[in-house]
Every structure is written in structure tokens, then in C-alpha cells.
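The values are calculated or read from the model by the stated rules, or taken from the named source; none is laboratory data. Predicted model, so just to flag it, every value in this text is computed and none were measured. No Cβ is skipped: glycine too gets one built from the backbone with ideal geometry, and neighbour counts run over all protein chains shown.
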């Protein structure tokens, strides 16, 4: 049971049905144009549906906070296309790089020290860290390749719910007046990512999710 209040905001989201294994290039291009214009989107990943916007979209981040009803300390994740992109936004040494290379793409979020490319408002206020992830999902990979930069992201869990929304029609019913685009990629599951903190040397398992954490123990 959710306590999320569906107040009409004047937005009516677009709804794209994109093939989960062979994304249509025309729809990917249209989706990226919408993201570039400052949109908040719902999109599928290899763990669950997520909310996202461009990294520099301050208004989008605030809209996502309102949808999730989180405070300013909520940690967002940078969803990146590949390891070379990660190096722009997080400090990665050789041992961390080897761990990342072995586990990506996949359903993991890695906590790393942020570089100056990450706005301070998105970093952990004390640790100056950022969550980084490379999903193994064709739709996300296609979006990122076209966009050429990371997507600022958080799991689509509405207030009062324990699990992410997974049914695109239910997502549409709940959020069509709160986001600009909903990408229907079919069911993609309820499990969150496995979160691994790589900041203090030895990997720390913060949350066991869909990704197998045993190689990090």
C-alpha cells in the first residue's frame, strides 16, 4: 500500500514501448532528445525500474526527490556506459579498476570517491563519495551511447512501498503526471543492486541485492 499522492502537475508523460533486447534506434533517439531537454524519465535496468535525469539537471533531481519523498542526503547513482566514463566522475586506483572490470556491466552499485566533475550537491556530504553503476541492459546501454554522458538515477520505489514498481502500466497510472517519459521495457524485476563500498581499501558489502557479492568477500 502506497501513501504516494498523485497530484496532477500539468505534465502528461510520453510512453515509449522499447524492445528489451533489440531497442528501436528511432525511439532511443527520441528518448535521448527528451532527456537532453531536461526531462525526468522512468526506465528499465538489469535490476529494477529507475528514475533518471541528466547529471546537471538540478530541477530534475529535485523532482525525483519529491516523487521519492527523500531528503537532501539521499544518495543518487551515476549510471555510466563503461569504465572509461567512470574515471571521469570517480577516483579509481588499479585494484579498484580490476574489481570493476570483473563485475561490470551488471547489477552492482559501487561507492567511490567523487571527482570534481560531480556536483557537490550530489556527493555524500561528509565522505565526498558517489555511487557508480554500469547496467547490463540493452535499453540503458543504447540510451547512454546516444546521450554520451551518465544518467543521474535512483530506484523507482514510491513512498510507503518496500519494493520497486515493476509493471509499466502501473507505473504509468501512478506517475504519468509526475515524469516526462516512461520507457516500457517489460518486466525487469524487483531486486535492487548489490552495493559495494570501495572507498576504504577492502570492499565492504553495504547491501546484498541481485549481484553476486561472493567475489568481493
- Query: What tally of residues in region 1-47 results from selecting those that are part of a loop (DSSP other than H, G, I, E, B), more than 22 Å from residue 149 (Cβ to Cβ) and modelled with pLDDT of 95 or more?
  - Reply: 4
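A quick yes/no check of all residues on (1) over 16 Å from the mean Cα position of the chain (by Cα); (2) surrounded by fewer than 23 Cβ atoms within 10 Å (Cβ to Cβ):
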| residue | (1), (2) |
| --- | --- |
| 41 | no, no |
| 44 | no, no |
| 47 | no, no |
| 68 | no, yes |
| 71 | yes, yes |
| 80 | no, no |
| 85 | no, yes |
| 89 | no, yes |
| 99 | yes, yes |
- Query: For region 111-126, which residues satisfy the criterion of being closer than 14 Å to residue 76 by Cβ and touching a residue at least 24 places away in the same chain (Cβ under 8 Å)?
  - Reply: 111, 112, 114, 118, 119, 121, 122, 124, 125
- Message: Can you tell me which of (1) modelled with pLDDT of 90 or more; (2) closer than 23 Å to residue 102 by Cβ; (3) touching a helix residue (DSSP H, G or I) at 6+ places or on another chain (Cβ under 8 Å) is the one residue 207 doesn't meet?
- Response: (3)
- Counting only residues that are touching a helix residue (DSSP H, G or I) at 6+ places or on another chain (Cβ under 7 Å) and closer than 18 Å to residue 207 by Cα, region 50-78 contains a total of 3
- Message: Can you find, within region 50-66, the residue that is surrounded by the most Cβ atoms within 10 Å (Cβ to Cβ) among those that are part of a strand (DSSP E or B) and in contact with a strand residue (DSSP E or B) (Cβ under 6 Å, 6 or more places away or on another chain)?
- Response: 52
